[in-house]
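So the structure is just underneath, and the comments pick up after that.
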Amino acid sequence: MQNEIIWEDSDIFIVRNESEIPWLIVHPKEDFREFSQMPQELRAKIMDILLAIEKMLLEYYKPHKINIASFGNYLPKQHWHIMARFKEDSYFPEPMWGVIQREAKLNLPNFELFKVKLIESIDLLHIR
């Protein structure tokens, strides 16, 4: 399954990365190699969105930890991975790109309801 765009506006889009864990990726629509090269307004908007995603992941899924990563080595433009991590997921405590630790059988709440709640949360930011 291809990654699904779950929210977008004129500057940013958010995709769901298909995974056993809730995993979203935030992309600016314009390519920037480094965070410091973005306009300040866009940096602030992205931070607000990352915070809204983190809060909703914590509230809805109740994970052990939230991971936020921005490497840009393979895809050399700014983007952020934000993941809800569980002690029982296949890779924990390794990163999701790490060595598998176990076969996980997570029983997580429905993603579609999470998506609705997240979009409502982002819309409350009035950033479109």
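Read the figures in this text as sums done on the coordinates, not as results from a lab. Being a predicted model, the structure only gives us computed values, none of them experimental. Note that each Cβ is placed from the backbone with ideal geometry, even for glycine, and that neighbours are counted across all protein chains shown.
Please get the size of the charge dipole for the chain, origin at its Cα centre, with Cβ charges of +1 on Lys and Arg and -1 on Asp and Glu, quoted in debye to the nearest 20.
Values: 16 positive and 20 negative charges, 64 e Å.
For the chain, the charge dipole is close to 300 debye.
Using only Cα atoms, find the angle between the long axis of helix 40-61 and the longest principal axis of the chain, and express it within 0 to 90 degrees, rounded to the nearest 10.
Approximately 20 degrees, to the nearest ten.
Can you give the net charge of the other residues whose Cβ lies under 13 Å from the Cβ of Lys77, counting K and R as +1 and D and E as -1? Intermediate results must be reported in sequence, preceding the final value.
On the way: positive: Lys29, Arg33; negative: Glu30, Asp31, Glu34.
Result for the local shell: -1.
Distance cut-off 29 Å, Cα to Cα: go down the list Lys55/Lys105; Lys77/Lys105; Lys45/Lys105; Lys29/Lys55 and report the pairs above it. If you can, show how the numbers build up before the last one.
Numbers: Lys55/Lys105 24 Å; Lys77/Lys105 33 Å; Lys45/Lys105 35 Å; Lys29/Lys55 23 Å.
In this structure, Lys77/Lys105; Lys45/Lys105 exceed 29 Å between Cα atoms.
What nm value, rounded to one decimal, do you get for the distance between Ile127 and Arg33 when each label is placed 7 Å out toward the C-beta?
2.6 nm
Where in the stretch 72-93 does the label zone of Glu20 land, with the point 7 angstrom along Cα→C-beta and an amide N cut-off under 20 Å?
82-93
Excluding Ile66 itself, calculate the net charge of residues whose Cβ lies under 10 Å from the Cβ of Ile66, where each Lys or Arg counts +1 and each Asp or Glu counts -1. Before the final figure, lay out each step's value.
On the way: positive: Lys55, Lys65, Arg85; negative: Glu54.
Residues close to Ile66 contribute a combined charge of +2.
Give me the Kirkwood hydrodynamic radius of the stretch 75-128, using the inverse of the mean 1/r over all pairs of distinct Cα atoms, in Å to one decimal.
Numbers: mean 1/r = 0.0718 Å⁻¹.
For the stretch 75-128, inverting the mean 1/r across all distinct Cα pairs yields 13.9 Å.
Within the chain, which is the longest segment containing none of the chymotrypsin sites (Phe, Trp or Tyr not before Pro) that sit in a DSSP loop and have at most 14 other Cβ atoms within 10 Å?
Numbers: sites that count: Phe71, Tyr74, Trp97.
Longest site-free region, per DSSP loop and neighbour criteria: 1-70.
Quick one: net charge around Phe92, please, counting Lys, Arg +1 and Asp, Glu -1 for every other residue with C-beta under 13 Å from its C-beta. Spell out each step's value before the answer.
Numbers: positive: Lys65, Arg85, Lys87, Arg102; negative: Glu20, Glu88, Asp89, Glu94, Glu103.
Charge balance near Phe92 sits at -1.
P(r) for the chain: what percent of alpha-carbon pairs falls in each 5 Å bin, starting at zero?
For the chain, the binned pair fractions read 2, 10, 21, 23, 20, 14, 8, 3, 0 percent.
Given the C-alpha centroids of the stretch 1-32 and the stretch 97-128, what is the distance between them in whole angstrom?
Here the answer is 11 Å between Cα centres.
Filter the trypsin sites (Lys or Arg not before Pro) in the stretch 1-66 to those in DSSP coil with at most 13 other Cβ atoms within 10 Å of their Cβ, and list the result. Don't jump to the answer; show the numbers that get you there.
On the way: sites: Arg16, Lys29, Arg33, Arg43, Lys45, Lys55, Lys65; in loops: Lys29, Arg33.
Loop-located and lightly packed - Lys29, Arg33.
Would you work out which of Ser70, Ile122, Ile6 lies farthest towards the positive end of the dipole of the chain? Charges go on Cβ: Lys and Arg +1, Asp and Glu -1.
Value: Ser70.
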